[in-house]
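Read through the structure below, which is laid out as structure tokens, and then see the notes.
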Amino acid sequence: MYAPYAYGLPYRYAKGRLDVDGNTYSWMSKRVDGGQELIGLCMGTSETMQAEPGSLDEFLFERYCLYTLHKKKLSIAYTHHDPWVFRKGEAEVISNTLTKSYDLGISNVLQPDLVHTSGGVLVHTWSVEKVGE
């Protein structure tokens, strides 16, 4: 895993699987250390769309940098990608023990409040830089 070393991102190794059948995505991920898992499926329920300026969707999808603590310094890494193309969706979460340890205040981790599906985007990134330098 390159991201923890290059960017200081707190990724952890997990074994995962994604199956795509038309507009339905079935997924399973289980951490090697600790065994936390996320299992479920989701499907797109709308036509494809792009985020409207000023919308929650734009806030969630159109990120062009990330902030992180890298070598104990607040740092930024810029990214570039085409605008996301996505669908509104529905999900069935079968198991979610992944979020328990984070105490995020989510009342029911098996019932997401908001679901989108997407085929993804190709992201280009630049090296991490200390903020303020």
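If the condition is being among the hydroxyl-bearing types (Ser, Thr, Tyr) and either in contact (Cβ under 8 Å) with a residue 24 or more places away in the chain or out of contact with any strand residue (DSSP E or B) (no Cβ under 9 Å at 6 or more places or on another chain) (or both), then region 96-111 contributes 97, 101, 102, 107. With the condition kept exactly as written, say whether any residue in region 112-128 is without any contact (Cβ under 8 Å) to a residue 24 or more places away in the chain and in contact with a Pro (Cβ under 9 Å, 6 or more places away or on another chain). The answer is no; no qualifying residue exists. Where the second residue is of a type outside the set (S, T, N, Q) and surrounded by fewer than 17 Cβ atoms within 10 Å (Cβ to Cβ) and the first is without any contact (Cβ under 8 Å) to a residue 24 or more places away in the chain and part of a loop (DSSP other than H, G, I, E, B) and lies in region 31-44, which pairs have Cβ atoms under 7 Å and are six or more apart or on separate chains? Every condition considered, the pairs that remain are 32/13; 32/15; 33/12. Within region 45-82, if we keep just the residues that are in contact (Cβ under 8 Å) with a residue 12 or more places away in the chain and aromatic (Phe, Trp, Tyr), the residue that is nearest to residue 5 (Cα to Cα) turns out to be 67.
Here residue 96 passes the criteria (1) surrounded by 15 or more Cβ atoms within 10 Å (Cβ to Cβ); (2) among the polar types (S, T, N, Q); (3) closer than 26 Å to residue 25 by Cα; (4) touching a helix residue (DSSP H, G or I) at 6+ places or on another chain (Cβ under 9 Å) except the one numbered (4).
Yes/no per residue for (1) surrounded by 15 or more Cβ atoms within 10 Å (Cβ to Cβ); (2) in contact with an Asp or Glu (Cβ under 9 Å, 6 or more places away or on another chain):
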site	(1), (2)
32	no, no
36	yes, no
39	yes, no
42	yes, yes
47	no, no
55	no, no
59	no, no
63	no, no
67	no, no
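Which one of these is touching a helix residue (DSSP H, G or I) at 6+ places or on another chain (Cβ under 8 Å) and among the aliphatic types (A, V, I, L, M): 6, 77?
Values: 6 fails: touching a helix residue (DSSP H, G or I) at 6+ places or on another chain (Cβ under 8 Å).
The unique qualifying residue is 77.
Among the residues making up region 1-27, those that are under 23 Å from residue 76 (Cβ atoms) and either not in a loop (DSSP other than H, G, I, E, B) or not small (Gly, Ala, Ser) (or both) are 1, 2, 3, 4, 5, 6, 7, 9, 10, 11, 12. Within region 62-84, does at least one residue satisfy the condition of being among the β-branched types (Val, Ile, Thr) and not in a strand (DSSP E or B)? Checked region 62-84: no residue is among the β-branched types (Val, Ile, Thr) and not in a strand (DSSP E or B).
Throughout, read-outs are computed from the coordinates displayed, never taken from laboratory work. All values reported here derive from a predicted model rather than from experimental measurement. A quick note on method: Cβ atoms are made from the backbone with ideal geometry, for glycine too, and the neighbour counts reach across all protein chains shown.
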